Amino acid sequence: MKLSPSIRLQDLAVMLDAAYSGDPDFGISGLNEIHMVEAGDLTFVDHPKYYAKALNSKATTIIINKEVECPAGKALIFHQDPFAAYVSLVKKFRPFEPALAAIAPSAIIGEGTVIQPNAFVGNHVTIGKNCIIHANVSIYDHTVIGDNVIIQSNSVIGGDAYYFQRKPEGYRKFESCGRVVISDNVEIGALCAIDKGVSGDTFIGKGTKFDNHVQVGHDTYIGNNCLIGSHCAIAGVTRIEDDVILWGKVVVNKDLVIGKGAVLLATSGVDKSLEGGKTYFGNPADEARKKWRELAALRQLPGIISTLGKENPVGITSKD
């Protein structure tokens, strides 16, 4: 999430009642979790395992729970609970805004777009030209939708990320302040759910088509002209490149890349990044021809075992 205008390091440290290291006038122009950071962003780290990753990331301001030397060109904020501090900033700079109408007055809706009855369009949403938003669709705050987009009934665009921190007393919610961005000529089927980014964007590229009952997790990137079959579940922070086809009930784990032009046959489960231009099948997914050979060999196994048993009925083994 970008901050406009940016905020000074000293002012933000005062908000958090925290000490800091760096130029008091050091500028902070965004809030971002570690997967999405870029120069000007503030992020946080609260576990020694990830100190080096955060300090060496593109983020230029880090909330940290240990006093360490400040890297050159960066700033540090020292806080005993960086997670809570970060979430408090999210709530301050992007607070929940109750809806006052089915279509928020702050929404921008392009010429020729049709919003069917009982659809909900939240605060600060932008919808382009010649779109059709069918009945009972919910479009959450800050979503951006391009031209010629069709969204079928009962889909939810921009729900919170499924992202929690586990503590002995229970789970703490990582508040979402990102967006969903849907490009031109996209079609979203009925009963789909596309979660907003935790702090960045969940992105759907031009010309991509969803069947019904598709789930897309936070901060996922789906490229141009992809086909996503019914009941696919795509976890967060995944990158699906252009021209990929996922047939029905494909499941994709988090933090993976599926290369351009890959095809995943129905019911496959993806647990690792896959090279583009190939067809995959199975759980875990592998190249389809290889997987089919394995299945053919497996079907022959009972016969092989039966034959071995007949050749050696009492299990006698020879000795050298």
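The values are calculated or read from the model by the stated rules, or taken from the named source; none is laboratory data. All of these numbers come straight from a predicted model, not from anything done at the bench. Glycine also receives a Cβ, built like all others from the backbone with ideal geometry; neighbour counts cover every protein chain displayed.
Numbers for the structure displayed
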quantity: Flag for Lys167 being farther than 20 Å from Thr126 by Cα, surrounded by fewer than 21 Cβ atoms within 10 Å (Cβ to Cβ) and either out of contact with any Asp or Glu (no Cβ under 9 Å at 6 or more places or on another chain) or not assigned by TED's automatic domain parsing to the domain that holds Leu89 (or both); calculated: yes
quantity: Failed condition for Ile157, given (1) surrounded by fewer than 18 Cβ atoms within 10 Å (Cβ to Cβ); (2) in the same structural domain as Gly205 (by TED's automatic domain parsing); calculated: (1)
quantity: Residue pairs meeting the criteria (Cβ under 6 Å; at least 6 apart or on separate chains; first modelled with pLDDT of 95 or more, in the range 5-20; second among the charged types (D, E, K, R)); calculated: Arg8/Asp25
quantity: Counted residues, the range 123-176 - those being more than 18 Å from Ala99 (Cα to Cα), in contact (Cβ under 8 Å) with a residue 12 or more places away in the chain and charged (D, E, K, R); calculated: 5
quantity: All positions within the range 114-141 that are surrounded by fewer than 22 Cβ atoms within 10 Å (Cβ to Cβ) and under 22 Å from the mean Cα position of the chain (by Cα); calculated: Gly122, Asn123, His124, Thr126, Ser138, Asp141
quantity: Selection within the range 239-255 - in a loop (DSSP other than H, G, I, E, B) and more than 16 Å from Gly197 (Cα to Cα); calculated: Glu241, Asp242, Asp243, Val244, Trp247, Gly248, Lys249, Val250, Asn253
quantity: Neighbours by Cβ (under 9 Å, 6+ apart or cross-chain): first from the range 85-98, in contact (Cβ under 8 Å) with a residue 24 or more places away in the chain; second among the polar types (S, T, N, Q) and assigned to a loop (DSSP other than H, G, I, E, B); calculated: Val90/Ser176; Val90/Ser199; Arg94/Ser176; Glu97/Ser106; Glu97/Asn123
quantity: Failed condition for His218, given (1) surrounded by fewer than 21 Cβ atoms within 10 Å (Cβ to Cβ); (2) in contact (Cβ under 8 Å) with a residue 40 or more places away in the chain; calculated: (1)
quantity: Residue match in the range 52-71 (condition: assigned to a strand (DSSP E or B), without any contact (Cβ under 8 Å) to a residue 60 or more places away in the chain, in contact with an Asp or Glu (Cβ under 8 Å, 6 or more places away or on another chain) and not assigned by TED's automatic domain parsing to the domain that holds His134); calculated: yes
quantity: Checklist (1) at pLDDT 95 or above; (2) under 23 Å from the mean Cα position of the chain (by Cα) applied to Thr279, failing item; calculated: (2)
quantity: Scan of the range 9-48 for residues that are in a strand (DSSP E or B) and surrounded by 15 or more Cβ atoms within 10 Å (Cβ to Cβ), ordered by number; calculated: Tyr20, Ser21, Gly27, Ile28, Ser29, Gly30, Leu31, Asp41, Leu42, Thr43, Phe44, Val45
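Matching residues to (1) of a type in the set (Ser, Thr, Tyr); (2) out of contact with any strand residue (DSSP E or B) (no Cβ under 6 Å at 6 or more places or on another chain):
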site	(1), (2)
Gly207	no, yes
His231	no, yes
Ile245	no, no
Lys249	no, yes
Gly261	no, yes
Thr267	yes, yes
Lys272	no, yes
Arg299	no, yes
Pro302	no, yes
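Okay, residues lined up against (1) within 27 Å of Gly282 (Cα to Cα); (2) in a loop (DSSP other than H, G, I, E, B); (3) not small (Gly, Ala, Ser):
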| position | (1), (2), (3) |
| --- | --- |
| Ser199 | no, yes, no |
| His218 | yes, yes, yes |
| Gly261 | yes, yes, no |
| Ala266 | yes, yes, no |
